[in-house]
């Protein structure tokens, strides 16, 4: 992301030299495996490890004078407080290895322990993306919940629909226009206003019929829970 | 849809003259309220009423010699069997009054009681959309279940995420790129492969933390049910 936006990457540190080598080669950097080989003159160190390991890595960077950031949606800024200058650089997007992402439109949420470093991170992020916001740790953690709902949960439903279509020999691709339109509408207006379907109409007969058609018990449970939730939402509105 | 694709609409029949007038004016047709005023020389009559009323309307059209279609995703072709020539013309898309839809990419599923009328409907549909399939009533009903999952349920989750953001004073629009990307990925590859997030990683600590953050009991229940379902799906795969 930073490399593709024109920044120079000096070093890639990983516990595994193979992994460090592979990444380093892609971004024309030096591969290292030991913290003592870190170049102390670099402006920024990005900690890109699983949430549980962020603090441990930060503890190894106590002597370093540059800015240290992590890239997690959930871990608080304070997890880095053992270093001198610290911040968060969180790209809010779903990344999978096989799909290229448009960084320009990817929101980046930044935060730092001083206003100067916050401004610095904000400027840096603006060189990568047109969509940058300064957000506190508390708000970032809460926003991550919304991201889980908007991506993980909707994708799981789409995966379930995909499997259901395959099991019933139905063309999943016929749903493509519907899936695209659902997303387009949800971001262009309040999705509460876009709710349609049997549950929104409280059409219990169709709901019952659909539950008979679905054989996968897990999907049946999801269908029931979501239909009930839609019915409740609509009753509350009345 | 048909009017915008260049077809001539002769009459709009509705129980309420105001409604008939309003629609008829938009498509340059005659507004009528009585079945006995129907022009028997038209080629096609579209029944666009709620599912429960389709059969009742069809019963009024027994003397008519042209093709009669309904536009429902769930009602079987046989609901129209009291008329001479009958079929289904089902556009699989989510329609709300305020948002214009691109008909060209909207899939249209057709079916008729004779191969001749099936071919006729298929040709007619191809003048409206580039995405036409002949599908049996049984398959159309099953596909409607998938459409409910892919649209109604995902939209409900997005509505819940929207409300959650508003309640917590978080910028929902920051999720726009994520929502768009989720849809884009789901239609370009098997969405089972795109699953990320705490549940897919079985990160019970983050799930627990998110459940603490969520105050809306309904959303808490959805979060729990969907996370459990994702965990189960991933365990099955191992």
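The values are calculated or read from the model by the stated rules, or taken from the named source; none is laboratory data. Keep in mind that this is a model prediction, so the values were computed, not measured. Because the Cβ atoms are built from the backbone with ideal geometry, glycine has one as well, and the counts that use them run over all protein chains shown.
Within segment A:164-182, can one find any residue that is more than 25 Å from residue B:102 (Cα to Cα), at the interface with another protein chain (Cβ under 7 Å from one of its Cβ atoms) and surrounded by fewer than 19 Cβ atoms within 10 Å (Cβ to Cβ)? Give the steps one after another, and end with the answer.
Kept after step one, since they are more than 25 Å from residue B:102 (Cα to Cα), are these residues of segment A:164-182: A:164, A:166-169.
Restricting the remaining residues to those that are at the interface with another protein chain (Cβ under 7 Å from one of its Cβ atoms) gives A:164, A:168.
Now restrict to residues that are surrounded by fewer than 19 Cβ atoms within 10 Å (Cβ to Cβ): A:168.
Yes, because at least one residue in segment A:164-182 is more than 25 Å from residue B:102 (Cα to Cα), at the interface with another protein chain (Cβ under 7 Å from one of its Cβ atoms) and surrounded by fewer than 19 Cβ atoms within 10 Å (Cβ to Cβ).
In contact with a helix residue (DSSP H, G or I) (Cβ under 6 Å, 6 or more places away or on another chain), under 15 Å from residue B:1 (Cα atoms) and modelled with pLDDT of 90 or more: which single residue out of B:54, B:47 fits that description? Give the derivation first.
Numbers: B:54 fails: under 15 Å from residue B:1 (Cα atoms).
Checking each option against the conditions leaves just B:47.
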Go through segment B:119-153 and report how many residues are part of a helix (DSSP H, G or I), within 8 Å of chain A (Cβ to nearest Cβ) and touching a strand residue (DSSP E or B) at 6+ places or on another chain (Cβ under 7 Å).
0
Pull up segment A:191-208, narrow it to residues that are in contact (Cβ under 8 Å) with a residue 12 or more places away in the chain and within 16 Å of residue B:74 (Cα to Cα), then point me to the one that is farthest from the other protein chains (Cβ to nearest Cβ).
A:202
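Among the strands (runs of 3 or more DSSP E) contained in segment A:1-106, which hold 2 or more residues that are not assigned by TED's automatic domain parsing to the domain that holds residue A:126? First the steps, then the outcome.
Details: elements: A:11-13, A:30-32, A:44-47, A:67-70, A:85-91.
Strands (runs of 3 or more DSSP E) meeting the threshold: A:11-13, A:30-32.
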Qualifying positions in segment A:54-100 - without any contact (Cβ under 8 Å) to a residue 24 or more places away in the chain, within 22 Å of residue A:132 (Cβ to Cβ), surrounded by fewer than 18 Cβ atoms within 10 Å (Cβ to Cβ) and under 14 Å from the mean Cα position of the chain (by Cα):
A:95
Of the criteria (1) under 23 Å from residue A:164 (Cα atoms); (2) more than 7 Å from every other protein chain (Cβ to nearest Cβ); (3) buried (at least 21 other Cβ atoms within 10 Å of the Cβ), which one residue B:188 fails
(3)
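So which residues in segment B:102-118 are facing chain A (nearest Cβ under 7 Å) and either at pLDDT below 90 or surrounded by fewer than 17 Cβ atoms within 10 Å (Cβ to Cβ) (or both)? Steps first, answer last, please.
Of the residues in segment B:102-118, the ones facing chain A (nearest Cβ under 7 Å) are B:105-107.
Answer for segment B:102-118, where residues must be facing chain A (nearest Cβ under 7 Å) and either at pLDDT below 90 or surrounded by fewer than 17 Cβ atoms within 10 Å (Cβ to Cβ) (or both): just B:105.
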Selection from segment B:1-29 of residues modelled with pLDDT of 90 or more and touching a helix residue (DSSP H, G or I) at 6+ places or on another chain (Cβ under 6 Å) yields B:12, B:14
